[in-house]
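What follows is one structure encoded as structure tokens, with my remarks underneath.
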Amino acid sequence: MRKIIAATFVSLDGVMQAPGGPEEDPVGGFQFGGWTFHYFDEVAGAAINELFSKPFALLLGRRTYDIFAAYWPYQKDPIGDAFNPATKYVATHRPDSLTWQNTQSLGPDIVARLKELKREDGPDLLIQGSGNLIQTLLANGLIDEIRLMIFPLLLGKGKRLFGDSAMPAAFKLTKSQTSSTGVIMATYERAGDIQVGSFATQEPSAAELERRRNWK
């Protein structure tokens with residue numbers, strides 16, 4: 001069974017928009033494109049190399065596909081060498097315009113198609129960018145692993161990794177590192193349902209019971 005892995009650059013306040021450069025995605029007037037550039041060191045670079053060291057298929061939203069398809073086919077470097085031959089699955093309403101090699105549409109029912117792909121044999125499905133698609137996957141509980149590179153800055157406005165529609169789930173931290181520039185690299189794997197408890201050790205007071213009634 002294949003896993004869906006979301007690997008994302010994110011700011012402290014959860015913004016994931018346009019980490020690579022000023023012209024990458026200025027939608028909504030975003031002014032900080034390229035915000036990851038000055039934070040990369042050997043540790044962060046090694047984490048990126050590790051991510052792409054195993055076979056994978058790319059899972060992309062249409063906007064990220066357009067960004068990648070206009071850039072990576074024209075690059076000759078290790079990432080381009082990994083991306084270009086990989087199978088690309090794209091969420092799109094315009095399947096006829098997918099021109100990057102080895103690309104196919106996910107079709108009209110994205111969730112159903114991804115459930116089929118997860119049941120098949122093959123390399124894991126790696127999400128890059130694709131914030132809108134990630135929201136759909138989170139809402140349907142389809143992401144098995146989240147790999148975050150958390151950068152020490154606040155961006156204020158921009159497209160965010162987590163919205164309000166994610167299906168509640170527990171994750172466990174399976175790996176973590178910190179770069180010399182303060183980037184935290186953390187891998188989380190799905191770990192079942194959320195377990196709740198209480199730190200209260202005594203019977204609630206009358207004031208507490210009244211508060212509960214008023215907050216219903």
**OP:** Exactly one condition in (1) closer than 20 Å to residue 141 by Cβ; (2) free of Cβ contacts under 8 Å to residues at least 40 places away in the same chain; (3) assigned to a loop (DSSP other than H, G, I, E, B) is not met by residue 162; state its number.
**Re:** (2)
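Quick check, is residue 150 in contact with a Leu (Cβ under 8 Å, 6 or more places away or on another chain), more than 18 Å from residue 92 (Cα to Cα) and outside any loop (DSSP other than H, G, I, E, B)? If you could, list the steps in order and put the result at the bottom.
On the way: in contact with a Leu (Cβ under 8 Å, 6 or more places away or on another chain): yes; more than 18 Å from residue 92 (Cα to Cα): yes; outside any loop (DSSP other than H, G, I, E, B): yes.
So residue 150 fits the description; yes.
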Original post:
Applying the selection to region 175-216, what residues are acidic (Asp, Glu) and either part of a loop (DSSP other than H, G, I, E, B) or in contact (Cβ under 8 Å) with a residue 40 or more places away in the chain (or both)?
Top reply: 189, 193, 203
Original post:
With respect to residue 7, is the statement that it is modelled with pLDDT under 95, closer than 29 Å to residue 122 by Cα and within 17 Å of the chain's Cα centre (by Cα) true?
Top reply: no
**OP:** Determine the pairs where a residue that is among the aliphatic types (A, V, I, L, M), located within region 134-145, has a partner that is at pLDDT 95 or above and assigned to a helix (DSSP H, G or I) with Cβ atoms under 6 Å apart, the partner being 6 or more residues away or on another chain.
**Re:** 142/114; 143/137
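The values are calculated or read from the model by the stated rules, or taken from the named source; none is laboratory data. For clarity, every value in this text was computed on a predicted model and none was experimentally measured. For neighbour counting, all protein chains shown are included, and Cβ atoms are generated from backbone atoms with ideal geometry for every residue, glycine included.
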